[in-house]
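Peer 1: Next up is a structure, given as structure tokens.
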Amino acid sequence: MLEAFLLCIVAIIGADIIAAGENGIVFSAAFVVGRWRESIRLGLIIMCASVPAAYLFNQYMMKYVVCPINEMSFLMEEYFKTDERCRSGKLPELDIHSGDEIEKLYHSLQKMAADMAGYIEKELEQERRSAHMTKGFMMALAKAVDAKDHYTNGHSERVAGYARELAARMGKTEKEQEEIYMMGLLHDIGKIGVPDAIINKPGRLNDEEFARIKEHPATGARILENVEELPGLAIGAHWHHERYDGRGYPDGLASGDIPEEARIIAVADAYDAMTSTRSYRELMPQSKVREEISKGRGTQFDPAIADLMLSMIDDDTEYRMHE
């Protein structure tokens with residue numbers, strides 16, 4: 001600042017000398033000293049005036065430019081953090097009434113938020129419709145499978161419901177529960193390729209017939225594996241007949257090698273099979289079903305999931321779970 005001040009003084013004196021020299025004036029020492037003093041006073045006045053001016057300019061910039069922009073930046077950052085805020089289409093109010101480009105920018109951001117909310121709502125509505133149509137189509141497929149055996153009417157839907165309840169008790173998210181429900185709904189889709197005579201045979205199946213039945217998991221997986229909207233849909237169909245001890249089919253997987261969703265559906269499927277009348281036997285009472293599931297812990301079933309099914313049975317004091 002001192003250097004600037006001295007330069008200012010020199011410039012003032014220099015300008016006076018040049019002007020006076022042009023007019024042919026001869027300078028005395030007293031004249032130069034006098035001009036020096038006047039220049040110092042003028043320089044001090046300029047310097048003193050520039051400090052508050054700079055301060056006032058800085059305050060103005062902070063209040064009307066920097067702070068509003070910072071507030072809007074923070075506002076937009078917070079706005080995009082949650083879906084709920086984006087869907088509301090409203091930015092929190094800011095006290096910006098400057099009447100300049102900053103206020104115009106704020107109003108532009110408000111309009112952008114409203115437009116974005118409308119776009120998001122349209123996309124969500126389309127997604128809901130698509131999901132509803134997909135679920136309806138899956139339900140129709142499940143009913144088509146169940147229609148092959150009048151004894152198992154509603155079997156797929158019940159298995160899906162039990163699987164979802166098990167998933168909920170395991171702490172799965174709603175999205176995961178819904179995915180497991182859909183897997184359960186179509187776990188027997190491969191039976192479409194099994195002759196009705198085998199499915200509805202009242203007695204025991206011979207080796208050839210049982211071999212055909214054992215094909216339905218792989219058939220179901222082939223049907224479902226290309227459903228892009230639900231990439232994991234084939235899991236339940238493919239491995240719901242695997243056993244925890246590795247003696248199941250089609251791949252002989254054991255314990256943790258069996259996908260968790262398939263382990264859930266295996267327990268749900270077994271429960272519904274035992275509590276339903278089949279062509280080859282009557283339904284079992286709850287007490288017997290409980291005994292069989294308990295017996296299958298660690299052999300046929302994942303013990304942790306079997307325990308959850310046992311707790312569901314114990315909670316079903318009015319025996320209405322199968323309804």
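The values are calculated or read from the model by the stated rules, or taken from the named source; none is laboratory data. Nothing here was measured: the structure is a model prediction, and the numbers come from that model. Cβ atoms come from the backbone with ideal geometry, glycine included; neighbour counts cover every protein chain shown.
Peer 1: Among the residues of the stretch 138-161, which ones are modelled with pLDDT under 70 and out of contact with any Lys or Arg (no Cβ under 7 Å at 6 or more places or on another chain)?
Peer 2: Across the stretch 138-161, the qualifying residues are HIS150, THR152.
Peer 1: Condition (residue is without any contact (Cβ under 8 Å) to a residue 12 or more places away in the chain and under 35 Å from the mean Cα position of the chain (by Cα)) applied to the stretch 206-213: is it met by at least one residue? Lay out the reasoning, then the answer.
Peer 2: Residues of the stretch 206-213 without any contact (Cβ under 8 Å) to a residue 12 or more places away in the chain: 206-211.
Imposing the further condition that a residue be under 35 Å from the mean Cα position of the chain (by Cα) reduces the set to none.
No: zero hits.
Peer 1: Something else: Kindly indicate which of ALA270, ALA221, ALA254 is in contact with a strand residue (DSSP E or B) (Cβ under 8 Å, 6 or more places away or on another chain) and without any contact (Cβ under 8 Å) to a residue 40 or more places away in the chain.
Peer 2: After ruling out the rest, the residue left standing is ALA270.
Peer 1: Of a type outside the set (Phe, Trp, Tyr) and closer than 21 Å to ASN153 by Cα, is that true of LEU224?
Peer 2: When the stated conditions are applied, LEU224 does not pass them.
Peer 1: Any chance you could count how many residues in the stretch 271-297 are closer than 19 Å to ILE189 by Cα, in a helix (DSSP H, G or I) and touching a helix residue (DSSP H, G or I) at 6+ places or on another chain (Cβ under 7 Å)?
Peer 2: So the count comes out to 2.
Peer 1: Considering only residues that are farther than 18 Å from GLY136 by Cβ and of a type in the set (S, T, N, Q), look in the stretch 156-186 and name the one that is nearest to the chain's Cα centre (by Cα).
Peer 2: For the stretch 156-186, the residue satisfying everything is THR173.
Peer 1: If you scan the stretch 264-323, which residues turn out to be on the phi > 0 side of the Ramachandran plot and at pLDDT 95 or above?
Peer 2: GLY298
Peer 1: Where residues in the stretch 220-242 are among the charged types (D, E, K, R) and over 17 Å from GLU260 (Cα atoms), which of them is surrounded by the fewest Cβ atoms within 10 Å (Cβ to Cβ)?
Peer 2: To start, the set of residues in the stretch 220-242 that are among the charged types (D, E, K, R) comprises 222, 225, 228-229, 242.
Still in the list and also over 17 Å from GLU260 (Cα atoms): 222, 225, 228-229.
Details: ARG222: 15, GLU225: 14, GLU228: 6, GLU229: 9.
That would be GLU228.
Peer 1: Sticking with this one: Being closer than 20 Å to LYS143 by Cβ and either modelled with pLDDT of 95 or more or exposed (fewer than 15 other Cβ atoms within 10 Å of the Cβ) (or both) is the filter here, so list the residues in the stretch 189-215 that pass it.
Peer 2: ILE192, GLY193, PRO195, ASP196
Peer 1: What tally of residues in the stretch 151-189 results from selecting those that are in a helix (DSSP H, G or I) and without any contact (Cβ under 8 Å) to a residue 12 or more places away in the chain?
Peer 2: The total comes to 4.
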